[in-house]
1. Spot the failing condition for residue 312; the list is (1) in contact (Cβ under 8 Å) with a residue 24 or more places away in the chain; (2) out of contact with any Pro (no Cβ under 8 Å at 6 or more places or on another chain); (3) of a type in the set (Gly, Ala, Ser), and only one is missed.
2. I need the helices (runs of 4 or more DSSP H) fully contained in the range 191-309, keeping only those with at least 1 residues that are without any contact (Cβ under 8 Å) to a residue 60 or more places away in the chain and farther than 24 Å from residue 324 by Cα.
3. Looking at the range 44-60 only, could you name the residues that are crowded, with 16+ Cβ neighbours inside 10 Å and in a loop (DSSP other than H, G, I, E, B)?
4. Going by the structure shown, is residue 183 within 17 Å of the chain's Cα centre (by Cα), among the aliphatic types (A, V, I, L, M) and not in a strand (DSSP E or B)?
5. Would you point out the residue of the range 353-384, among those that are assigned to a loop (DSSP other than H, G, I, E, B) and not polar (S, T, N, Q), that is modelled with the highest pLDDT?
6. Pull up the range 162-197, narrow it to residues that are charged (D, E, K, R) and touching a strand residue (DSSP E or B) at 6+ places or on another chain (Cβ under 9 Å), then point me to the one that is surrounded by the most Cβ atoms within 10 Å (Cβ to Cβ).
7. Suppose we keep only residues that are touching a residue at least 24 places away in the same chain (Cβ under 8 Å) and farther than 24 Å from residue 410 by Cβ within the range 366-388. Which one would you say is farthest from the chain's Cα centre (by Cα)?
8. Can you pull out the residues in the range 403-423 that are aliphatic (A, V, I, L, M) and within 21 Å of residue 376 (Cα to Cα)?
Amino acid sequence: MTFEQYLEESQARHLDELFALLRIPSISALEENRSDCVHAASWLAERMKQAGLEHVQVYPTAGHPLVYGDWLHNPDAPTVLIYGHYDVQPVDPLHLWRSEPFEPQVRNERIWARGVSDDKGQLFLHIRAIEALLQTEGKLPVNVKVLFEGEEEIGSPHLGPFISEHAAQLAADLLVVSDTGMAATGVPTICCGLRGICALEVRLTCANTDCHSGLFGGAVPNALHALTALLAKLHDERNKVAVPGFYDSVKELSAAQRKQLAAVAFDETELLRRLELSAFAGEEGYTVKERISIRPTLELNGLWGGFLGEGSKTVIPAQAFAKISCRLVPDQDPQQIAQLVASHLQRLCPPYARLEVEIGHGGRPYVCDPDTPEVQAISKALSATFGQPVAMERMGGSIPIVDTFVTVLQAPVILMGFAPPDANAHAPNESMELSTWRLASRAICRAWYELAKSA
């Protein structure tokens, strides 16, 4: 039996197993789901053993556990470290989901559930591939190490120290990550660049208590008014970030680089239709594709204060809050940019208010060379499986830990993702095409054979 036949015959069972993993609400950001993250790690460890991986171990951290396993029986072949994450984003707003987020369904030839694209569905593809090869060939064409974490969605705070402490154990010739997307439906894609990120939370305080808007309105400062006015000054009239120094280290892409980026198919009209927008917004002078992939951004992720319950409560809020994130491009330092934003807000804060800024997690941008032998080998496997040329894509998302892997392990990283463009990762109604999920594990099996031949 070939691995293709094995994957086809095992598909129903593997889908049931994926659904079992998707039902675990492993939301890393919420303390109430801490036990669910432990459950997901334990589930993965057992499933990795069943697939044939060895030395499987769950490593506790001060946060959520890490899971490691390997198969190292081919001394003449390269070693691949596979990374993924089992934690997922919160599901809010719940009322926008068309089905329960942790009760996976197949509708219209798609799998619907929180985490199916980001990243449980993708990491499970690698388990399928390993099992298929070991069951049909009795061995793998390459040596494999697998590392799954449970804190990617909150910045991987405990993975960096683990990598440094276990550098010898994790040493590899290549790191492969399946946590990115496809340029278009059915188009195999290798992501050659990710933006970095930094996050901040802002609290603005005026009075020491909420005040009656009739008795004090017109004199007592309103924290929501003050904060929204302050946040409005983060961008100028051309939608550029107005923080001094924000663009100082940003290098403009050459004409050739912009041409290469434009060569990847991108349907603006379809995106407008899908999001029910009448027009795009953003920085003047750049295409939509450039704005969402190779330009830095500053976005408000949340804003709240005062009374948020049902009905009316006429108060002047004493406090207001905002969450901010910046997506960064090569040469921008997350800590430096976060500090620039914090300082800018402090300078503009009105004298009747007090501003506190908490700097959260961050991660550096990543760019790889699409012409390396490793990238070309994996591209060959992807193209053969999907029947289309591989798109070499720059994507706007962030995987903060990638830079740590590169720095500590001194190994190249290939971002080989299978999430569709309309996956709705981090949003309600997350999904993945069933046809892509079926093909992806075949592509991974072929990738290991091509990689072994190119070594």
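The values are calculated or read from the model by the stated rules, or taken from the named source; none is laboratory data. Remember, it's a predicted structure, so these values are computed and weren't measured experimentally. Virtual Cβ from ideal backbone geometry, glycine too; neighbours counted across all protein chains shown.
1. (1)
2. Here the list reads 213-216, 255-262, 268-275.
3. The answer is 52, 53.
4. Yes.
5. Among those residues, the one meeting the criterion is 353.
6. The selected residue is 195.
7. Applying the filter and picking the extreme gives 384.
8. 406, 411, 413, 414, 415, 416, 419
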